[in-house]
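The values are calculated or read from the model by the stated rules, or taken from the named source; none is laboratory data. As the structure is a computational prediction, the values presented were derived from the model and not from experiment. Glycine gets a Cβ as well: all are built from the backbone with ideal geometry, and neighbour counts include every protein chain shown. We work out accessible area using only protein heavy atoms, side chains counted, and drop any ligands, DNA or RNA first. Shrake-Rupley method; radii C 1.70, N 1.55, O 1.52, S 1.80 Å.
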Amino acid sequence: GDLEAVIPVLATVANVYLVMQQFDLVVQLCERGAEMARLVGDELAQGVMLDTGACAVTALAWAARADGDEEAALAIALDAAERSRAAMVIGRRLGHRRNEAAAVANLAEELAFAGRADEALRLLDSWQLDPERDSTYTITHHLDTRGQIHLALGRYDDAVTVFARALELAESKSAALTAAEHLAEAYEKSGDLGAALAAHKRFHQLYCQVASETAQRNARVAAVRMETELAKATAEQERLR
């Protein structure tokens, strides 16, 4: 019954499901968390829940587009945009720069997805990145979003420039993986197939590394689980003895 304690738990579980790509569950958890945060008056948590939910809804929009249902994809993307816009307003009102920056980038991406790329670019231009105040993650997030908007507008050379910068700054292999994939797409659309192939090779190399590390983590988790079960069994044997 302690809502203030439940909210961060819901946020944590939602992020786990986000990584697992269980997007429907993420949306459900974030909606519950946002309502709980509203009830207890925690606007910061409410904004985080709204924006995390928006990420999951955006993923559902991409899935609908991949399935050929463009009408549903656009409707879902606009739903995501409403959530991100609300999160952006909360972050701005509270003076929480990181949360506002994340919501701005997510909203811009959702607007571009929905065919409103010019509006998305104006929104992104309204936010001034500051290397002294913004994390590398925030900067690369905005660069990747800007690149996506340039692709939507047919500005392929501009997209190449920002994706290359995002790849250069990427602080994790997963971030570099995304940047390399998008850079390969931008080079391909610009007609530079040689550079596209090189970027795709970089993407493939990173993909193999990330997949290998994921498999190793899964193996370690399985080993810990087995050790835990063995310890429980040993303890039970001792208890019975």
Review point. Of (1) 20.3; (2) 19.8; (3) 18.5, which one was derived for Kirkwood radius over Cα pairs in Å from the structure shown?
Key: (2)
**Study point:** Simple Cβ-charge dipole of segment 94-229, Lys/Arg +1 and Asp/Glu -1, about Cα centre, in debye nearest 20
**Key:** 280 debye
Check your understanding: Percentage of Cα-Cα pair distances in segment 106-167 greater than 14 Å, rounded to whole percent?
Key -> 53 percent
Check your understanding: Longest exposed-loop-site-free stretch of the chain, with GluC sites (Glu not before Pro), DSSP loop and at most 15 other Cβ within 10 Å?
Key -> 1-131
Point to revise | About the Cα centre, charge dipole magnitude for the chain (Lys/Arg +1, Asp/Glu -1 at Cβ), debye | key: 620 debye
Review point. When the chain is modelled as a GNM with alpha-carbon springs shorter than 10 Å, which of Val48, Val89, Val40 fluctuates the most?
Key: Val40
Review point. What is the distance in Å between the Cα centres of segment 131-175 and segment 200-241?
Key: 34 Å
Check your understanding: When all protein chains stay in place, what accessible area (Å², nearest 10, 1.4 Å probe) is found for Met88?
Key -> 10 Å²
**Study point:** Paramagnetic reach from Leu74 (point 7 Å along Cα→Cβ, amide N under 14 Å) across segment 83-119
**Key:** 111-117
Exercise for review: List the residues whose amide H sits under 5 Å from the amide H of Asp192, counting only those 5 or more places along or on another chain, with H placed 1.01 Å from N in the peptide plane.
Suggested key: none
Revision key, fill the gap. Helix 70-94: inclination vs the chain longest Cα principal axis, degrees, rounded to 10, gives 80 degrees
Exercise for review: Skip the ligands, DNA and RNA, and give the accessible area per residue of the chain with a 1.4 Å probe, whole Å².
Suggested key: 57 Å²
**Study point:** With all protein chains modelled, accessible area of Val221 [1.4 Å, Å²]
**Key:** 80 Å²
**Study point:** Cut-off 13 Å between beta-carbons: net charge of the residues surrounding Ala184, Lys and Arg +1, Asp and Glu -1
**Key:** -1
Review point. Tell me, what is the 1.4 Å probe accessible area of Ser126, in Å² to the nearest 10?
Key: 80 Å²
Review point. Helix 3-19: angle to the longest alpha-carbon principal axis of the chain, degrees 0 to 90, nearest 10?
Key: 60 degrees
Check your understanding: Once fully extended, how much extra length lies between Leu230 and Asp24, figured as 0.36 nm per residue of separation less the alpha-carbon to alpha-carbon distance?
Key -> 70.6 nm
Point to revise | Portion, in percent, of the accessible area of the chain that falls on carbon or sulfur, probe 1.4 Å | key: 54 percent
